[in-house]
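Inspection log for the structure reproduced underneath, given as structure tokens.
Laboratory data are not the source of any read-out in this text; all were calculated from the coordinates shown. Computed from a predicted model, the values in this text were never measured in an experiment. Cβ: placed from backbone, ideal geometry, glycine included. Neighbour counts: every protein chain shown.
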Ligand SMILES: NC(=O)c1ccc[n+]([C@@H]2O[C@H](COP(=O)([O-])OP(=O)(O)OC[C@H]3O[C@@H](n4cnc5c(N)ncnc54)[C@H](O)[C@@H]3O)[C@@H](O)[C@H]2O)c1
Ligand SMILES: [Zn+2]
Ligand SMILES: [Zn+2]
């Protein structure tokens with residue numbers, strides 16, 4: 001057991017968000033040690049803090065991160081100390097039917113969503129030796145991690161760590177929703193409701209594939225101004241506009257309607273935005289157990305589709321380096337998604353940035 005304690009941003013049932021000292025055990029078989037260099041603050045962290053996704057255990061938050069490999073456990077062959085990596089929050093088991101079929105984003109064997117390492121353990125303990133658990137199998141709001149090698153994807157060393165961090169969740173999810181889940185083609189129309197870090201990545205992906213027009217909807221005028229910079233051709237205030245009526249009147253319905261909030265009330269309005277044959281893409285994650293209702297005759301009669309979207313239907317080892325290469329080639333301005341950069345000690349302020357619905361993504365640096 002390592003005796004070194006590091007500050008970590010922990011959510012505890014009962015007492016909420018606070019900074020605690022945690023110890024990290026060394027990497028075991030199939031595991032790697034990571035020096036965290038940057039971590040983004042995503043609404044999926046906020047879902048834990050708000051209680052949308054209840055937890056009965058203390059969790060080290062943070063699941064959108066990049067860093068450097070500092071050590072490898074027995075049997076690790078794909079990574080070496082010094083490698084720069086993006087962390088994936090959905091470490092695939094590589095054995096289940098979905099993994100074998102090349103659909104790692106649907107892995108049924110992952111333990112990440114149970115907030116443990118693949119063997120059900122945690123690498124973290126507190127000063128009294130009590131376990132503290134890694135959110136989504138990572139727990140990146142601290143300076144050192146142990147993760148399965150399947151959760152660490154090697155990227156070029158010239159990729160800035162802040163961009164690498166956002167490739168760990170929002171960018172891969174948002175751009176993947178466009179390219180993989182929806183398969184948007186040049187000239188197809190789209191609406192994106194909710195333009196936070198994930199929705200703005202959807203807008204960026206739509207520009208990359210040549211979608212047009214691209215309608216961005218948010219409640220925040222500042223966010224809508226950013227969406228225009230990212231390639232939205234039209235922006236609408238979701239509180240003042242009946243978006244479905246607008247899409248039907250001005251565009252005859254859209255080919256793709258992306259929701260990037262996680263609001264059942266908004267998700268229910270997506271099919272009415274669509275042209276016949278169009279697809280509603282559920283990127284936002286609703287609270288545990290949330291339900292919604294749709295006009296079932298309209299769905300069947302108009303051939304409309306509803307697509308779930310976990311992690312942008314991405315395979316980490318393929319999609320993360322691909323997006324990194326597109327950025328390094330000047331095709332995706334991923335640096336535009338980075339807003340404030342704060343030290344880990346300002347985690348509470350970073351969550352306030354997220355709640356404020358202004359600007360772009362806040363990055364925490366240990
Ligand atoms: N599918 C996945 O694998 C995946 C991955 C990452 C995040 N997510 C989910 O995506 C969602 C968005 O994450 P984020 O980090 O971008 O969040 P965010 O808080 O940065 O952005 C949400 C945006 O929605 C806007 N909004 C809220 N209510 C609205 C309404 N009624 N109409 C229009 N706009 C509204 C807000 O102003 C904000 O700009 C979350 O639910 C998150 O958990 C899903
Ligand atoms: Zn996320
Ligand atoms: Zn699997």
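Rounded to the nearest 10 degrees, the angle from helix 197-209 to the longest Cα principal axis of the chain is 60 degrees. Each part reduced to its alpha carbon centroid, the stretch 140-193 and the stretch 45-78 end up 15 Å apart.
Percentage of Cα-Cα pair distances in the stretch 118-209 greater than 17 Å, rounded to whole percent? Percent of Cα pairs beyond 17 Å in the stretch 118-209: 62.
Note on the chain: with a GNM built from Cα contacts shorter than 10 Å, the maximum mean-square fluctuation among 84, 256, 234 falls on 234. For the stretch 1-142, the square roots a ≥ b ≥ c of the C-alpha gyration tensor eigenvalues yield an a/c of 1.5 or more together with a/b not exceeding b/c, which makes the shape oblate. Cβ-Cβ distance of residue 228 and residue 113, R₀ of 45 Å, FRET efficiency by 1/(1 + (r/R0)^6): the value works out to about 0.80. When both bridge partners sit in the chain, DSSP labels roughly 55% of those beta bridges antiparallel.
Note on the stretch 174-310: semi-axes of the ellipsoid equivalent to its C-alpha gyration tensor, largest first and rounded to whole Å, are 20, 16, 15. The sum of -39500 (n - 2.57) across all DSSP H runs of n ≥ 4, divided by the residue count of the chain, sets its helix-only mean residue ellipticity at 222 nm to -6500 deg cm²/dmol.
Just to be sure I understand: with springs between alpha-carbon atoms less than 10 Å apart, which residue in 329, 216, 182 has the highest mean-square fluctuation in the Gaussian network model of the chain? Between 329, 216, 182, it is 329 that shows the largest mean-square fluctuation.
If r is the Cβ-Cβ distance from residue 345 to residue 250 and R0 is 45 Å, what FRET efficiency results, to the nearest 0.05? Once the sixth-power term is evaluated, E becomes 0.40.
When 125, 170 are sorted by how many other C-beta atoms sit within 10 angstrom of their C-beta, beginning with the fewest, the order is 125, 170. Relative to the longest principal axis of the Cα atoms of the chain, the long axis of helix 316-328 lies at roughly 70 degrees.
Of the residues 42, 247, 169, the one that moves most in a GNM of the chain with alpha-carbon contacts below 10 Å is 247. Taken over the alpha carbons of the stretch 259-366 as equal point scatterers, the Debye sum produces base-10 log I(q)/I(0) values at 0.10 Å⁻¹ of -0.47.
Sorted ascending by nearby beta carbons within 10 Å, beginning with the fewest, 293, 88 become 293, 88. Each distinct pair of alpha carbons in the chain adds a 1/r term; the inverse of their mean, the Kirkwood radius, is 20.6 Å. For the chain, the longest principal axis of the Cα atoms and the long axis of helix 347-356 meet at an angle of about 0 degrees.
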